1. Sort E297, E192, E150 by Cβ crowding within 10 Å, fewest neighbours at the top.
2. Would you mind putting 399-412, 249-262 in packing order, based on average other-beta-carbon counts within 10 Å, highest first?
3. I'd like the distance separating the alpha-carbon centroids of region 168-210 and region 12-54, in whole Å.
4. How high is the FRET efficiency between L23 and K104 when r is their beta carbon distance and R₀ equals 30 Å, given to the nearest 0.05?
5. Starting from the Cα gyration tensor of region 9-62, take the square roots of the eigenvalues, sort them a ≥ b ≥ c, and report rounded, prolate or oblate (rounded when a/c is under 1.5, otherwise prolate if a/b is larger than b/c, else oblate).
6. So if R0 is 25 Å, what FRET efficiency would W30 and K4 give, r being the distance between their Cβ atoms, rounded to the nearest 0.05?
7. May I ask you to derive the FRET efficiency for L79 and L194 from their Cβ-Cβ distance with R0 = 30 Å, giving the value to the nearest 0.05?
8. Which order do the peptides 181-187, 1-7 take when ranked by the mean count of other beta-carbon atoms within 10 Å per residue, highest first?
Amino acid sequence: MWKKLPLIWKILIGMVLGMVWGLVSHALGWDDFTTNWVKPWGTIFLNLLKLVAVPLIFVSLVSGIASLTNITKLSRIGLKTLVLYIITTMVAISFGLVLVSVIKPGNTFPEEKKIEFQQKFAPHLEEKKSVAEQEKEKSPLHFIVDMVPENVIKAASDNSKMLQVIFFAIFFGIGMVLLPEEKVGTVKKFFEGLNEIILKIIDIFMGFAPYGVFALLAGLIVDFSGDVALFKALGLYFITVTVGLIMLILFFYPTLMRIFVGISPLAFLKAVLPAQMVAFSTSSSAATLPVTKRQVENELKVHPEISNFVLPIGVTINMDGTSCYQAIAAVFIAEVFGVDLTFGQMLIILLTALLASIGSPGVPGGSIVMLIIVLSSVGLPVEGLALILGVDRPLDMLRTAVNVTGDSTVASLVAKSEGMINHTPSRT
């Protein structure tokens, strides 16, 4: 019976059982057992996905670019991809700013809780603050400098350096496109075979997904069950971010798919649900890339030539969920500290969050340092980060699901514009 179930249902069952186990183990005092004997299996699953992230990004990008018959087509697809990613990110940030300005969650924050959590997260904040200070001291063009690796092997050994791997992969692929077929034919076949091997490895790893998801969520529930007051105190902020992210998933992306691709919202959401669940469980769009790629190609019928190019780039530069969250968090912290933001400061938040999303690594917690940069850009106290760190983990999970949904949408839009999508539009 279990073997016949689709993977989507196995993962869903794993998520539900993981949450139940976490609640029961906390109630029965089994926290140490869950932390020491259950949670590590979730870490193993996450590491398995991260293991293939860099090889998949490099090989799929090289294969995708090399399959393009001429450099003109490559530049056209690249421009479309970049423009669409920027547009969707700006819409997400703007929506977050409007939503938080209407709800104003910071006006209800208790003073005693603010002080308590500032003290609680002081050591963690100092570490993040020092990193942010280093970022501020760099040139305004440092994000461009950081894109160019001085050692591609070193860059490939660090999942936070995805943009450097992408940079090298793009030029590697361009070099293959510019050379005659007789000189690079063997290399192309090598990468095609390597791509098939990596995809088969991914299939093997995904067989472990339901158990990994179970362990991840069980550990998460145990970690946060003892701090219920945090969720109550930050309830309105939590709801504001959640509503913003869910509306992007349920309305913004499906609307784009309906208007420009011709796929119904229900069909689209059903197609990307497995990737969303893995993203929600792992909080890593990079680790979720194998699943996103499979769903986009198999369910949304996007040609691999497009998905191999668009999706890996989206892992690094398309952070719609992260950007929306940063906008809401910045205004929330301003409200808590009694700072009235001007329209000009709102625009600065928009632009800074947009640029920060480009450099935000697609790994768990990667947006925290970038949020400090956003806060600093409008003169907000970075100590305000202590107020939201307690509820950041579940929101990180949800915004990662938004990120991979945005990646899937842009890949479909680019494929449709290039005539490289083959599907039967749903009548639902």
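Taken together, the values in this text are just the output of simple stated rules run on the coordinates, not laboratory data. Bear in mind that the values here come from a model prediction, so they are computed numbers and not experimental data. Please note: Cβ atoms are built from the backbone with ideal geometry, for glycine as well, and neighbour counts cover all protein chains shown.
1. With the fewest neighbours first, E297, E192, E150 line up as E150, E192, E297.
2. In decreasing order of mean packing, 399-412, 249-262 become 399-412, 249-262.
3. 33
4. 0.40
5. oblate
6. 0.20
7. 0.60
8. 181-187, 1-7
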